[in-house]
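Read the structure below first, then the notes.
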């Protein structure tokens, strides 16, 4: 299980200002990247973490662009996975006949909500026709419309070692600080070093420190840094609330619009 642990920093005012500038540029870049990814999704039915985003203007480096796009696509993919689960729930609760349900489940499992080309599913000997593809598309579009898409304008930066390298020592410095972050700024070739204080709580958490850090700037321009650890997953957790999804009437209504039989 990946968990973030906030640690105290001792960056001076000048360094903090540089970090704030990076965060603002990163959030603007993430917003533009997400827009490009959604355009790609509606065209091809999928996202691409390696999409060419050279045309997106930003003061950030190419390494930041790659890191930002990986983070944005990860968020979008997670969102899409949840909607995929919603699709299953909605179809299962509908009054569609079992054959149509099976075909819709195949389309959903393959992520072909945007596809219009009929195809054969050899494993289950199913012919996926254009009408069922259209129904799947309408169901999925409606589910998307009922859920707010991930917003990028306030995201924390999840940075890897290409742009934010964590070290446990720094030449010429005392051992007063436990860690240092070599942080790439908007000025090419002019990184800053941010001193970080450890704590017993973080040190005693079992797990492996990942080559990522999380950086956030609040609305009051308060900067925080968090280290990421891969810790053993808990086995005693129970969710407090049930998940809310669209009701079964959604599919029936869409079928009626298409003139499809649901029984």
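When residues in the stretch 77-113 are screened for being within 28 Å of residue 49 (Cβ to Cβ) and not in a helix (DSSP H, G or I), 3 of them pass. Would the stretch 59-66 turn up any residue that is more than 22 Å from residue 135 (Cβ to Cβ), surrounded by fewer than 17 Cβ atoms within 10 Å (Cβ to Cβ), touching a strand residue (DSSP E or B) at 6+ places or on another chain (Cβ under 6 Å) and in contact (Cβ under 8 Å) with a residue 40 or more places away in the chain? There is no residue in the stretch 59-66 that is more than 22 Å from residue 135 (Cβ to Cβ), surrounded by fewer than 17 Cβ atoms within 10 Å (Cβ to Cβ), touching a strand residue (DSSP E or B) at 6+ places or on another chain (Cβ under 6 Å) and in contact (Cβ under 8 Å) with a residue 40 or more places away in the chain. Tell me yes or no: at least one residue of the stretch 202-225 is farther than 24 Å from residue 70 by Cα, surrounded by 15 or more Cβ atoms within 10 Å (Cβ to Cβ) and out of contact with any helix residue (DSSP H, G or I) (no Cβ under 7 Å at 6 or more places or on another chain). Checked against the condition, which is being farther than 24 Å from residue 70 by Cα, surrounded by 15 or more Cβ atoms within 10 Å (Cβ to Cβ) and out of contact with any helix residue (DSSP H, G or I) (no Cβ under 7 Å at 6 or more places or on another chain), the stretch 202-225 yields at least one hit. Select from the stretch 25-39 the residues that are loosely packed, with under 15 Cβ neighbours inside 10 Å and free of Cβ contacts under 8 Å to residues at least 60 places away in the same chain and write down the one among them that is nearest to the chain's Cα centre (by Cα). Restricting to residues being loosely packed, with under 15 Cβ neighbours inside 10 Å and free of Cβ contacts under 8 Å to residues at least 60 places away in the same chain, the top hit is 35.
Just to be sure before I move on: is residue 145 closer than 30 Å to residue 98 by Cα and loosely packed, with under 13 Cβ neighbours inside 10 Å in the structure I sent? Here the answer is yes, as residue 145 does meet what is asked. Search the stretch 95-121 for residues being over 16 Å from residue 137 (Cα atoms) and in contact with a helix residue (DSSP H, G or I) (Cβ under 8 Å, 6 or more places away or on another chain), and hand back the single one that is surrounded by the most Cβ atoms within 10 Å (Cβ to Cβ). Here the answer is 121. Out of curiosity, is residue 23 farther than 19 Å from residue 216 by Cβ and either touching a helix residue (DSSP H, G or I) at 6+ places or on another chain (Cβ under 7 Å) or assigned to a helix (DSSP H, G or I) (or both)? The answer is no for residue 23.
Every read-out reported here was derived from the displayed coordinates using simple, explicitly stated rules and does not represent laboratory data. Bear in mind the structure is a predicted one, so any value in this text is a computation, not a measurement. Neighbour counts are summed over all protein chains in view; Cβ atoms, including those assigned to glycine, are modelled from backbone coordinates with ideal geometry.
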